[in-house]
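In what follows, a structure is listed as C-alpha cells, so that the remarks can point back to it.
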Amino acid sequence: VDGADIWTRGAFLNSEECARLIVMIDAAAEPSGLLSHGTTEVWRTSCSANFEPADPFVQDIQARIDAFVGLPGEWGETIQGQRYQAGQQFRPHHDAFWTLADYWLDEARRGGQRATTAMIYLNDVAEGGETEFPVAGLKVAPEPGRAVIFDSMRFDTTNPEGRLDPDSLHAG
C-alpha cells in the first residue's frame, strides 16, 4: 500500500495449525484487556488468550513470524489469540504504546515500543471480519492462515526513537 508498511501473505499457517490454535484460544479465552488511554468507552469486545511461550508448537509459529518480519524473537511479545463473536469489534486504534500513559514506564522496561504487529486469521467467516486500515484506505478480508504484518512506528536517522505511523490505524 502506498505510504503504509502493510504486508499480507496467504497460507502462512495451514488448516491443521489454524484449527489447533482455535482450540487453544477456546480453552484459555478471557475478555480482552485494554491499556488505558483515559477513555471509559467500550473500545474492544473480543476475548483473548495468551499462549504458553515454552510450547514447541507456539515456538515454531513464533520463529516463522520472526523470520518473516525480520526481527529477533526476543523483541517480540507473547503470542496471543483473539476470538471475535458476531457483532464484536475492536474500534480504530494503533498498536504502538502511548508514551504519555501511566503504563508506558512498565512497557519501556519490559521491552520498549511496540513497533510491528503480526496477525494471522484462523478461520473464515460468513460476513465481516475484515481488518480495516482507514487512513491507508485498505481492508483485509479474513482468509484462514493469511498473515497481516504492519508497522506501527516509523524509524529513521532523524527520529531514532520512532514516530507513530498514522497509516497503521486499524479496526476489526
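The values are calculated or read from the model by the stated rules, or taken from the named source; none is laboratory data. This structure is a prediction, so every number in the text was calculated from the model and none was measured. Don't worry about glycine lacking a Cβ; one is built from the backbone with ideal geometry, like all the others, and counts go over all protein chains shown. Heads up: the accessible areas ignore ligands, DNA and RNA and are worked out on the full protein's heavy atoms, side chains in. Shrake-Rupley method; radii C 1.70, N 1.55, O 1.52, S 1.80 Å.
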Among what's in region 1-12 and is modelled with pLDDT of 95 or more and in contact with a helix residue (DSSP H, G or I) (Cβ under 9 Å, 6 or more places away or on another chain), pick the residue that is surrounded by the fewest Cβ atoms within 10 Å (Cβ to Cβ). R9
If you go through region 138-156 one residue at a time, how many are open to solvent by 10 Å² or more (accessible area, probe 1.4 Å) and closer than 19 Å to L71 by Cα? 5
Please indicate, with yes or no, whether at least one residue in region 13-24 is under 18 Å from P142 (Cβ atoms), β-branched (V, I, T) and part of a loop (DSSP other than H, G, I, E, B). no
Name every residue in region 114-134 that is modelled with pLDDT under 95 and of a type in the set (A, V, I, L, M, F, W, C), in order of residue number. A115, V125, A126
Regarding region 43-50, can at least one residue be identified that is farther than 28 Å from E17 by Cα, in contact (Cβ under 8 Å) with a residue 40 or more places away in the chain and either open to solvent by 70 Å² or more (accessible area, probe 1.4 Å) or in a loop (DSSP other than H, G, I, E, B) (or both)? yes
Meets criteria (open to solvent by less than 60 Å² (accessible area, probe 1.4 Å), at pLDDT 90 or above, of a type in the set (S, T, N, Q) and touching a Gly at 6+ places or on another chain (Cβ under 8 Å)) for S15: no
Does at least one position in region 96-119 carry a residue that is under 21 Å from P142 (Cβ atoms), open to solvent by less than 60 Å² (accessible area, probe 1.4 Å) and in a loop (DSSP other than H, G, I, E, B)? no
Test set (1) open to solvent by 60 Å² or more (accessible area, probe 1.4 Å); (2) modelled with pLDDT under 90 - F90 fails condition number: (1)
Pairs under 7 Å by beta carbon, first residue without any contact (Cβ under 8 Å) to a residue 60 or more places away in the chain in region 133-159, partner among the β-branched types (V, I, T), six or more apart or different chains? P142/V125; S152/T116; S152/T117
Unmet criterion (only one of (1) open to solvent by less than 40 Å² (accessible area, probe 1.4 Å); (2) closer than 22 Å to W7 by Cα) for T78: (1)
For region 120-137, which residues satisfy the criterion of being surrounded by fewer than 18 Cβ atoms within 10 Å (Cβ to Cβ) and of a type outside the set (S, T, N, Q)? D124, V125, A126, E127, G128, G129, E130, E132, P134, V135, G137
